[in-house]
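If you scroll down you'll find the structure; I have some questions about it.
The values are calculated or read from the model by the stated rules, or taken from the named source; none is laboratory data. These figures come from a predicted structure and were not determined experimentally. Here Cβ is always computed from backbone atoms with ideal geometry, including for glycine, and neighbour counts include all displayed protein chains.
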């Protein structure tokens, strides 16, 4: 159970029901200013509210909406009830029998939701965060899917003619829904990425300079808003220069690209990466810290496949590879010479 802002307990089912009601209200027509404000306040109350709202939209996006013709709150609630009672097959059954809507499908409903909230400049930005050690998938209202890496936060603001996201920290994979009328822009420290519909990763962490990795499609990457962007395609990486507007553009071979995306499964797939760099990476996934006092040991490079949430396992593997010893003291893992 969860206590809302009024101190009353709310179950997950209750949150899902309220979220379904909001989705249905928006589909019936644009909210009036009072309704839009109430929805914005409800979303801003907690991440649980935003998660329930995203689940309602994702549930509808999952269904086959090409041939259906009317949407209502009862149908959405039925989706959740069937999901909890009978799993995927039951959900599919409900989708064919009851999830019928007039508005042209969930894509239209999602767009209506965004428009109702974002037409006014005073509309608050909605944030999504993945906790340390968590990989979080966030379906946005336009059909875009964002996969947040551990300890990552994005701030989303959808306007009538633009979709704006700020990567506050961490790393995120954006599978962008195509909408030529509303370009999709991701901004982070030192970089701005603009796309219509494509798939790319943006990273902004302490261990490395901000970067963009394009998985498929084409994006425009700029160092600052007032600079001429660079157009890059699939299998390309762009790294920002912290000291100025310069961008480093390089190609990425398919094997390296696969390694770079392994974090979605909670894995590090690395080749010739220093122990010092890996120690910095593990800080993002675990409260336990790898400490390497000897600089020459820290500069040793390692190759392999490791679980991102198991720093002790990584330290033991490194020790076995280089003839080191592991000393664990509380939350500190020390890699030392024998």
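Suppose we filter region 212-225 for residues that are under 30 Å from residue 279 (Cα atoms) and modelled with pLDDT under 85; how many remain?
Here the count works out to 1.
State which residue is modelled with the lowest pLDDT when the search covers only region 1-20 and only residues that are surrounded by 15 or more Cβ atoms within 10 Å (Cβ to Cβ) and assigned to a helix (DSSP H, G or I).
Going through the qualifying residues, I end up with 12.
Suppose the filter is over 15 Å from the mean Cα position of the chain (by Cα) and surrounded by 17 or more Cβ atoms within 10 Å (Cβ to Cβ); does residue 156 pass it?
no
Okay, moving on. Would you confirm whether any residue within region 226-234 is over 23 Å from residue 318 (Cβ atoms), part of a loop (DSSP other than H, G, I, E, B) and at pLDDT 90 or above?
yes
Going residue by residue through region 273-284, is there one that turns out to be out of contact with any helix residue (DSSP H, G or I) (no Cβ under 8 Å at 6 or more places or on another chain), part of a loop (DSSP other than H, G, I, E, B), modelled with pLDDT under 95 and not assigned by TED's automatic domain parsing to the domain that holds residue 191?
For region 273-284, residues out of contact with any helix residue (DSSP H, G or I) (no Cβ under 8 Å at 6 or more places or on another chain), part of a loop (DSSP other than H, G, I, E, B), modelled with pLDDT under 95 and not assigned by TED's automatic domain parsing to the domain that holds residue 191: present.
Which of (1) touching a helix residue (DSSP H, G or I) at 6+ places or on another chain (Cβ under 6 Å); (2) surrounded by fewer than 18 Cβ atoms within 10 Å (Cβ to Cβ); (3) in a loop (DSSP other than H, G, I, E, B) does residue 293 not meet, given it meets every other one?
In the conditions (1) touching a helix residue (DSSP H, G or I) at 6+ places or on another chain (Cβ under 6 Å); (2) surrounded by fewer than 18 Cβ atoms within 10 Å (Cβ to Cβ); (3) in a loop (DSSP other than H, G, I, E, B), residue 293 misses (1) alone.
When you look at residue 164, is it under 27 Å from residue 281 (Cα atoms), part of a strand (DSSP E or B) and not assigned by TED's automatic domain parsing to the domain that holds residue 23, yes or no?
no
Could you list all residues from region 188-206 that are part of a strand (DSSP E or B) and more than 19 Å from residue 145 (Cβ to Cβ)?
Residues satisfying the conditions are 191, 192, 204.
If only one of 107, 209, 177, 172 is assigned to a strand (DSSP E or B) and either at pLDDT below 90 or within 26 Å of residue 232 (Cβ to Cβ) (or both), which one is it?
Selected residue: 172, the only one of 107, 209, 177, 172 that is assigned to a strand (DSSP E or B) and either at pLDDT below 90 or within 26 Å of residue 232 (Cβ to Cβ) (or both).
Anything in region 296-336 that is farther than 24 Å from residue 209 by Cβ, touching a residue at least 40 places away in the same chain (Cβ under 8 Å) and assigned to a loop (DSSP other than H, G, I, E, B)? List them, or say none.
309, 331
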